[in-house]
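What follows draws every value from the coordinates through simple rules; no lab data is involved. Since the structure is predicted, the reported quantities are computational estimates derived from the model, not experimental observations. Methodologically, a virtual Cβ is constructed for each residue, glycine included, from the backbone with ideal geometry; neighbour enumeration extends over all protein chains shown.
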Amino acid sequence: MRRETYTTNAASAWLYASVRRILIAASLAVLLSSACGVRVRPRPQQPNPNLLKVSGSVTYLERIALPRGSSIQIELREARPSNMPSMVIAARTIVTKGQQVPVLFELAYDDFRIVRSKKYEIAARISKDGKPLFVTDAPLPTLNGAPTVGLNLVLKRAPN
C-alpha cells in the first residue's frame, strides 16, 4: 500500500508541474501577443524650416475636359538653355480624379538647394497613361526675385 501512495504522489507532482509549465507558457504567449498589438505613436515630425513653397494654378485654353485619371506633373528646375538638361529642384504629381482645370498646386522645395545667383523656372505637363496631352510652352521664372505665389501656368496642347 505504501508503494501505491508513492506512485500516486509522483504522478500528481508530475501532472502539477506539467500544468504549471503550460500555464506559464500560455501566460507568456498572451503577454507577448498583446505587446505586439500595442501601437506606439511616432513622435510628430518636426517641420523642416528650410522647406519653402511655390504655389499657383495649372490650366489650358482649349475648351475640352480632362480625361478621367489624367495627371499633372509640376517641376521646379534650374533655368538652362533648351539644349542642356535642367536640374530638377522639386517635383510633384497630382492625379486629377475627374477634377477640371484650373487645378491649384503647392510645390515644396528645400531652400538649401537654391543658389541665389542662378535663375529658376516652373513648368507643368498634363498626361494620361504616360502620353502628354498638354505641356508648358514657356516655363515661368520663379524664385530669386521672381514671384513664388499666384503663378498661373497656361499649357498648350502637346504635339502629336
Only one residue in LYS156, LYS118 is more than 25 Å from the chain's Cα centre (by Cα) and under 15 Å from GLU78 (Cβ atoms). Which one? LYS118
Write out, first by first residue and then by second, each pair whose Cβ atoms fall under 7 Å of each other, whose residues are 6+ apart or on separate chains, and whose first residue, in the range 79-100, is touching a residue at least 12 places away in the same chain (Cβ under 8 Å) while the second is surrounded by 10 or more Cβ atoms within 10 Å (Cβ to Cβ) and among the small types (Gly, Ala, Ser). ALA90/ALA108; THR93/SER71; ILE94/SER71; VAL95/SER71; THR96/SER70; THR96/SER71; GLN100/ALA65
